[in-house]
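Peer 1: Quick one: this structure, given as structure tokens, is what I'll be asking you about.
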Number of protein chains: 2
Amino acid sequence: MGPRERREREREEIRTRILDAARELFATEGVESVTMRRIAERIEYSPTAIYFHFRDKESLLAELCDCDFRNFAHTFTVIAQIPDPVERLSAAGKAYVEFGLKNPSHYRVMFMTPKPPHEQDMSGKGNPEEDAYAFLRNVLVDLQASGRMRDELTDIDLVSQSIWSMIHGVISLEIAKCNDQWVDWRTIEARTDLVVDMIERGLLK
Amino acid sequence: MGPRERREREREEIRTRILDAARELFATEGVESVTMRRIAERIEYSPTAIYFHFRDKESLLAELCDCDFRNFAHTFTVIAQIPDPVERLSAAGKAYVEFGLKNPSHYRVMFMTPKPPHEQDMSGKGNPEEDAYAFLRNVLVDLQASGRMRDELTDIDLVSQSIWSMIHGVISLEIAKCNDQWVDWRTIEARTDLVVDMIERGLLK
DNA sequence: ACCCTAACTTAACGCTGTTAAGTTTTGGAG
DNA sequence: CTCCAAAACTTAACAGCGTTAAGTTAGGGT
């Protein structure tokens, strides 16, 4: 069964070529200019060839973002070494903001755009190395175990989601309102720091 | 100068007819299905007629959202009566979330979609009855004046922006991730309450 | 009565995602 | 080796989008 495997591999290869082309357009010219035709142009295929490898544009983008975000979650392995849960939390929060601002297109597609029912790839869920939510949740479990968390905060999922919301708000607002003139904006670093600080105060006894 | 004024009035009338049509499509079928052609259909005009009244689709949507958001800001006049700044703040936060969730299309266009340079209508800026940010800022000034705010928090704009970010995060995540299966979501009310609670804790001595 | 301009329409351009139908390539069975 | 079927791809086209150019109609000002 030699050729069969080779074909499988080739198929996977062109899939990643498509994803790479999309990612580059994504990064250099923004989501708006990621079109099937332009992706095709880059890999010197006809636009319709892509449909042989991806159901439609949306699932192509979803797969791209999923993949890159999983990659990002790996960077948490370093942060996971920080012994103090509080320090670990604030480091994770700042790393998350950094990722969002460095990859605004990814972030927009993943967390700022409503998705139709959209079945997801659930593999990796719960694994802190692939699932940033699971990582956050773990930190909070540790924090609770250390006895330093407010006693009222019993529902760890609720706490995780609220904290995620807050940090997400910083990124999301920055991405969406970058050129706004209505408000006299402070630097994103200052806002991030204050939000992280307020999260700590909200969690600890 | 009778006819001149009449024409002016008629022009304004059809402008609002366009905006109303857009708003209805907006609300009933989502932003995606708001197209120039469908708006035109509703008011029984040709698609190009709209361009006589609005520069392009984007400014049409921007004007619609600006207008409705200003209207919303009016609801703060009631909340402004609440004497205690802390209570006022949490009431405002919850009202803001409510608006966002009741008008997700508006919210998306206004705060979840990056805008090109896009010159804005700055009239009304700073007036708490039209400018929700100014309202928030005023509450925080009052809170500071009451002496109950942490002394480290000197930059009121920084604080305002951070708090706005946090609340925005709740709305934004809810709108974007409504059908997500990855996370075992708690209710939006619970998340809102916890975030508001943590904001209070982060602000007060 | 004339004209000019505001307000509109029709037709078209160039772009998009996507599909239908046709073509080439290629591995496996007789 | 031959033949066939399926995989991998292309060309052509459709329907829709925002937008513009050119043409038409109506109505007040001179």
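Peer 1: Which is within 16 Å of DNA strand D (Cβ to nearest atom), under 25 Å from the mean Cα position of the chain (by Cα) and free of Cβ contacts under 8 Å to residues at least 12 places away in the same chain, of B:D20, B:D84, B:D56?
Peer 2: On inspection, the qualifying residue turns out to be B:D56.
Peer 1: Got at least one residue in region B:151-162 being among the small types (G, A, S), in contact with a helix residue (DSSP H, G or I) (Cβ under 9 Å, 6 or more places away or on another chain) and without any contact (Cβ under 8 Å) to a residue 12 or more places away in the chain?
Peer 2: The answer is yes, given that some residue of region B:151-162 is among the small types (G, A, S), in contact with a helix residue (DSSP H, G or I) (Cβ under 9 Å, 6 or more places away or on another chain) and without any contact (Cβ under 8 Å) to a residue 12 or more places away in the chain.
Peer 1: Looking at region A:153-167 only, could you name the residues that are at the interface with another protein chain (Cβ under 7 Å from one of its Cβ atoms) and small (G, A, S)?
Peer 2: Result: A:S162, A:S165.
Peer 1: While we're on this one: Residues A:I175, A:I163: which one is within 22 Å of A:R108 (Cα to Cα) and in contact with a Phe, Trp or Tyr (Cβ under 7 Å, 6 or more places away or on another chain)?
Peer 2: Going through A:I175, A:I163 in turn, just one is within 22 Å of A:R108 (Cα to Cα) and in contact with a Phe, Trp or Tyr (Cβ under 7 Å, 6 or more places away or on another chain): A:I175.
Peer 1: Next question, about the same structure. Filter region A:21-78 down to residues that are in a helix (DSSP H, G or I), more than 26 Å from B:P114 (Cβ to Cβ) and aromatic (F, W, Y) and give me whichever is nearest to DNA strand C (Cβ to nearest atom).
Peer 2: Here the answer is A:Y51.
Peer 1: Return the residues of region A:168-196 that are outside any loop (DSSP other than H, G, I, E, B) and either among the small types (G, A, S) or within 7 Å of chain B (Cβ to nearest Cβ) (or both); say none if nothing qualifies.
Peer 2: Those that are outside any loop (DSSP other than H, G, I, E, B) and either among the small types (G, A, S) or within 7 Å of chain B (Cβ to nearest Cβ) (or both): A:H168, A:G169, A:V170, A:S172, A:L173, A:I175, A:A176, A:A190, A:R191, A:L194, A:V195.
Peer 1: Of the numbered conditions (1) buried (at least 18 other Cβ atoms within 10 Å of the Cβ); (2) at the interface with chain A (Cβ under 7 Å from one of its Cβ atoms); (3) more than 20 Å from A:V97 (Cβ to Cβ), B:L203 satisfies every one except a single condition; which is it?
Peer 2: Every listed condition holds for B:L203 apart from (2).
Peer 1: Identify, by number, the condition in (1) surrounded by fewer than 20 Cβ atoms within 10 Å (Cβ to Cβ); (2) closer than 18 Å to A:R201 by Cα; (3) at the interface with chain A (Cβ under 10 Å from one of its Cβ atoms); (4) touching a residue at least 12 places away in the same chain (Cβ under 8 Å) that B:R148 doesn't meet.
Peer 2: (3)
Peer 1: Ok, one more. Residue check: is B:E29 within 14 Å of chain A (Cβ to nearest Cβ), near DNA strand D (Cβ under 9 Å from one of its atoms) and exposed (fewer than 15 other Cβ atoms within 10 Å of the Cβ)?
Peer 2: No: the conditions fail for B:E29.
Peer 1: Taking the condition of being small (G, A, S) and buried (at least 21 other Cβ atoms within 10 Å of the Cβ), how many residues in region B:91-137 meet it?
Peer 2: Number satisfying all stated conditions: 4.
Peer 1: Within region B:4-20, does at least one residue satisfy the condition of being basic (K, R), buried (at least 16 other Cβ atoms within 10 Å of the Cβ), part of a helix (DSSP H, G or I) and more than 16 Å from DNA strand C (Cβ to nearest atom)?
Peer 2: no
Peer 1: So, one more: Within region B:87-127, count every residue that is facing another protein chain (nearest Cβ under 8 Å), among the aliphatic types (A, V, I, L, M) and in contact (Cβ under 8 Å) with a residue 24 or more places away in the chain.
Peer 2: Looking only at that region, the number is 1.
Throughout, read-outs are computed from the coordinates displayed, never taken from laboratory work. From a predicted model like this one, the values you see are computed outputs, not experimental measurements. Ideal geometry is used to build each Cβ from the backbone, glycine not excepted, and the neighbour counts take in all protein chains shown.
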